[in-house]
Amino acid sequence: MSISQDLIKALEEKNGEDIIELDLKERGGLADTFVLVTGNSETHMKTLVETAEEFLDRAGHKCRVEGVNSVRWRLVDAGEIVVHVFSHKGREFYRLERLWEDSQE
């Protein structure tokens, strides 16, 4: 199992919704992998961010978290893996799946 698959499993265990992995290796630049996940509330989004951050830290990846006060979107940037944690409204607004649709696993 890859690190992103293990990360997805950890997010699923915290009831993350609509989890999608986008493979960006061919795109170059931003990251190798985006993981998109939706939370049901601000508290749930915080839990998902903490879960991703702790998992990636244990796997040896330094993380930077952005948007901690946002009610729509939060980001855990671990370099090669970036986790986008959305509210339902944020997921609809940003629509990253459509932007990167040819990169879906």
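The values are calculated or read from the model by the stated rules, or taken from the named source; none is laboratory data. Predicted model only: the values in this text are computed from it and were never measured. Every residue, glycine as well, gets a Cβ built from its backbone with ideal geometry; the counts of neighbours run over all protein chains shown. Surface areas here come from the heavy atoms of the whole protein model, side chains and all, with no ligands, DNA or RNA. Shrake-Rupley method; radii C 1.70, N 1.55, O 1.52, S 1.80 Å.
Quick one: of the DSSP bridges fully inside the chain, what percent are antiparallel, nearest 5?
The answer is about 70 percent antiparallel.
Expressed as cubic angstrom per residue, what is the convex hull volume of the alpha carbon set of the range 53-104?
It is 88 Å³ per residue.
HN-Hα J couplings of the range 66-80 from phi, Karplus 6.51/-1.76/1.60, θ = phi - 60°, integer Hz, Gly and Pro as x?
10, x, 4, 9, 7, 8, 10, 8, 10, 10, 10, 9, 10, x, 6
With a 1.4 Å probe and every protein chain kept in, tell me what percent of the accessible surface of the chain is carbon plus sulfur.
Here it works out to 44 percent.
What aspartates and glutamates does Lys25 reach when the alpha-carbon gap must be under 17 Å and sequence neighbours fewer than 8 apart in one chain are set aside?
Correct list for Lys25: Asp77, Glu80, Glu97, Glu101, Asp102, Glu105.
Near Leu48, within a Cβ-to-Cβ distance under 9 Å, what is the net charge of the other residues, with Lys and Arg +1 and Asp and Glu -1?
The answer is +2.
Suppose every K and R has +1 on its Cβ and every D and E has -1 on its Cβ; what is the size of the dipole of the chain about the Cα centre, in Debye to the nearest 20?
Around 380 debye, computed over the chain.
Quickly estimate the mean residue ellipticity at 222 nm for the chain, helices only: each DSSP H run with n ≥ 4 gives -39500 (n - 2.57), and the total goes over all residues, rounded to 500.
-11000 deg cm²/dmol
Sequence neighbours fewer than 8 away in the same chain don't count; with that in mind, list the aspartates and glutamates whose C-alpha is under 12 Å from Lys9.
Here the aspartates and glutamates satisfying the reach criterion relative to Lys9 are Glu17, Glu21.
Taking N as the number of residues in the chain, what value does Rg over Cα atoms divided by 2.2 N^0.38 Å take?
That ratio works out to 0.96.
Residues of the chain: accessible area per residue at 1.4 Å, in Å²?
Counting only protein heavy atoms, the per-residue value for the chain is 59 Å².
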